[in-house]
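The values are calculated or read from the model by the stated rules, or taken from the named source; none is laboratory data. None of the values given here were measured: they were computed from a predicted structure. Using ideal geometry, Cβ is built from the backbone for each residue, glycine included, and neighbour counts are taken over all protein chains shown.
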Amino acid sequence: MDTLQSIIIAIVEGLTEFLPISSTAHMRITENLLGISNTDTFTQVFTVAIQLGAILSVVVLYWKKFFDFKRWEFYVKLIIAVIPALIFGKLFSEKIDDLLESPVFIAVVMLVGGIFFLFVDNIFKNPEIKDEKEVSPLTALKIGLFQCLAILLPGLSRSAATIIGGMSLKLTRNAAAEFSFFLAVPTMLAATGYKLYKYYSDNGGFSANEIKQLAIGNVVAFIVALLAIKFFIGFLKKHGFKVWGWYRIIVGIILLLLIWKGVITQ
């Protein structure tokens, strides 16, 4: 992986991490089109680690929320919500890695998820919870369980699973999206820390070039994600999920065609 490839993948990550279109699927497609092997161990670490840069943009944008230490309930709810993901991630890590290597599986999940998105706004009506402060610890746990669907189904989208999960629990689209962003912070911190530690232990450290690519990737993903979050919140308020549903359907079909034609390999 060279510097240009790192930047391209990081841009894709920053753009898609908080949109309900699966950053995993888009990075997997991008790697293949760039001729990068997704079976390469460092590539697998890189695509997870640069998500740290993206989620740090949430901390910057919502810094008053994250550094208001008087509101300890906020931190408790995030801890409760992230526990299911930590458990599922540990139990099914090998299975998840296998699914991440299957572009057909990812394409099908993209397509089916897109069809569901066409109806989401009509299914979940009359929300009652308009702010994170109104989210109870039990509701936070339930949203955390929805996040596990994205862990088990690469291509679903972590943000989509948690936002729609929140909406099903009576959160407004805006409140569900913001809680999804908040939950991304401990989730991706844990995932990145685990991947980096495992790679370091297995390989005796990182080369100078690998450290360089990780640094560049995180900086680029951070900057792009800052812009993407602001765009998404405004867009979601006005237009809902239907447009993302059509986007996922189109991308899923294109991906299946590329796989059929041999442009994207298994």
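crowded, with 16+ Cβ neighbours inside 10 Å, at pLDDT 90 or above, of a type outside the set (Lys, Arg) and at negative phi - does that describe any residue in the range 28-40?
no
Give me the residue from the range 210-228 that is among the β-branched types (Val, Ile, Thr) and surrounded by fewer than 18 Cβ atoms within 10 Å (Cβ to Cβ) and, out of that set, nearest to Glu31 (Cα to Cα).
To start, the set of residues in the range 210-228 that are among the β-branched types (Val, Ile, Thr) comprises 211, 216, 219-220, 223-224.
Retained after the next criterion (residues that are surrounded by fewer than 18 Cβ atoms within 10 Å (Cβ to Cβ)): 211, 216, 219, 223.
Numbers: Ile211: 19, Ile216: 17, Val219: 19, Ile223: 21 Å.
Here the residue is Ile216.
Listed here are the residues, each with its yes/no results for (1) at pLDDT 90 or above; (2) surrounded by fewer than 16 Cβ atoms within 10 Å (Cβ to Cβ); (3) in contact with an Asp or Glu (Cβ under 6 Å, 6 or more places away or on another chain).
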{"residue": "Trp63", "(1), (2), (3)": "yes, yes, no"}
{"residue": "Trp72", "(1), (2), (3)": "yes, yes, no"}
{"residue": "Tyr75", "(1), (2), (3)": "yes, yes, no"}
{"residue": "Val82", "(1), (2), (3)": "yes, no, no"}
{"residue": "Lys90", "(1), (2), (3)": "no, yes, no"}
{"residue": "Lys95", "(1), (2), (3)": "no, yes, no"}
{"residue": "Gly113", "(1), (2), (3)": "yes, no, no"}
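Where residues in the range 114-156 are basic (Lys, Arg) and outside any loop (DSSP other than H, G, I, E, B), which of them is nearest to Ser102 (Cα to Cα)?
Here is the first cut: in the range 114-156, the ones basic (Lys, Arg) are 125, 130, 133, 142.
From what is left, the residues that are outside any loop (DSSP other than H, G, I, E, B) are 133, 142.
Working: Lys133: 40, Lys142: 29 Å.
Here the answer is Lys142.
Kindly evaluate Leu153 against the criterion of being touching a residue at least 24 places away in the same chain (Cβ under 8 Å) and either closer than 19 Å to Ala175 by Cβ or in contact with a Lys or Arg (Cβ under 8 Å, 6 or more places away or on another chain) (or both).
Details: touching a residue at least 24 places away in the same chain (Cβ under 8 Å): yes; either closer than 19 Å to Ala175 by Cβ or in contact with a Lys or Arg (Cβ under 8 Å, 6 or more places away or on another chain) (or both): no.
It is false that Leu153 is touching a residue at least 24 places away in the same chain (Cβ under 8 Å) and either closer than 19 Å to Ala175 by Cβ or in contact with a Lys or Arg (Cβ under 8 Å, 6 or more places away or on another chain) (or both).
Can you find even one residue in the range 9-27 that is surrounded by fewer than 21 Cβ atoms within 10 Å (Cβ to Cβ) and either closer than 22 Å to Tyr197 by Cα or among the hydroxyl-bearing types (Ser, Thr, Tyr) (or both)?
no
Picking from Leu189, Leu196, Leu255, which residue would you name as being more than 19 Å from Phe46 (Cβ to Cβ), part of a helix (DSSP H, G or I), at pLDDT below 95 and out of contact with any strand residue (DSSP E or B) (no Cβ under 9 Å at 6 or more places or on another chain)?
On the way: Leu189 fails: more than 19 Å from Phe46 (Cβ to Cβ); Leu196 fails: more than 19 Å from Phe46 (Cβ to Cβ).
Being more than 19 Å from Phe46 (Cβ to Cβ), part of a helix (DSSP H, G or I), at pLDDT below 95 and out of contact with any strand residue (DSSP E or B) (no Cβ under 9 Å at 6 or more places or on another chain) holds for just one of Leu189, Leu196, Leu255, which is Leu255.
If a residue has to be surrounded by 19 or more Cβ atoms within 10 Å (Cβ to Cβ) and in a helix (DSSP H, G or I) to count, how many in the range 157-173 make the cut?
11
Return yes or no: is Leu4 of a type outside the set (D, E, K, R), free of Cβ contacts under 8 Å to residues at least 60 places away in the same chain and more than 25 Å from Ala107 (Cβ to Cβ)?
Values: of a type outside the set (D, E, K, R): yes; free of Cβ contacts under 8 Å to residues at least 60 places away in the same chain: yes; more than 25 Å from Ala107 (Cβ to Cβ): yes.
Judged against the criteria, Leu4 is a match.
Take the conditions without any contact (Cβ under 8 Å) to a residue 24 or more places away in the chain, closer than 19 Å to Ala175 by Cα and surrounded by fewer than 21 Cβ atoms within 10 Å (Cβ to Cβ) and apply them to Lys130. Does it pass?
On the way: without any contact (Cβ under 8 Å) to a residue 24 or more places away in the chain: no; closer than 19 Å to Ala175 by Cα: yes; surrounded by fewer than 21 Cβ atoms within 10 Å (Cβ to Cβ): yes.
No.
Here are Ala215, Ala228, Ala176: which of them is of a type in the set (A, V, I, L, M) and within 14 Å of the chain's Cα centre (by Cα)? Spell out the reasoning first.
Details: Ala215 fails: within 14 Å of the chain's Cα centre (by Cα); Ala176 fails: within 14 Å of the chain's Cα centre (by Cα).
The unique qualifying residue is Ala228.
Of the residues that sit in the range 229-260 and are in contact (Cβ under 8 Å) with a residue 24 or more places away in the chain and among the aromatic types (Phe, Trp, Tyr), which one is surrounded by the most Cβ atoms within 10 Å (Cβ to Cβ)?
Only one residue fits best here, namely Phe241.
How many residues does the range 41-55 contain that are surrounded by fewer than 24 Cβ atoms within 10 Å (Cβ to Cβ), out of contact with any Asp or Glu (no Cβ under 7 Å at 6 or more places or on another chain) and of a type in the set (Val, Ile, Thr)?
The number of residues fulfilling the criteria is 3.
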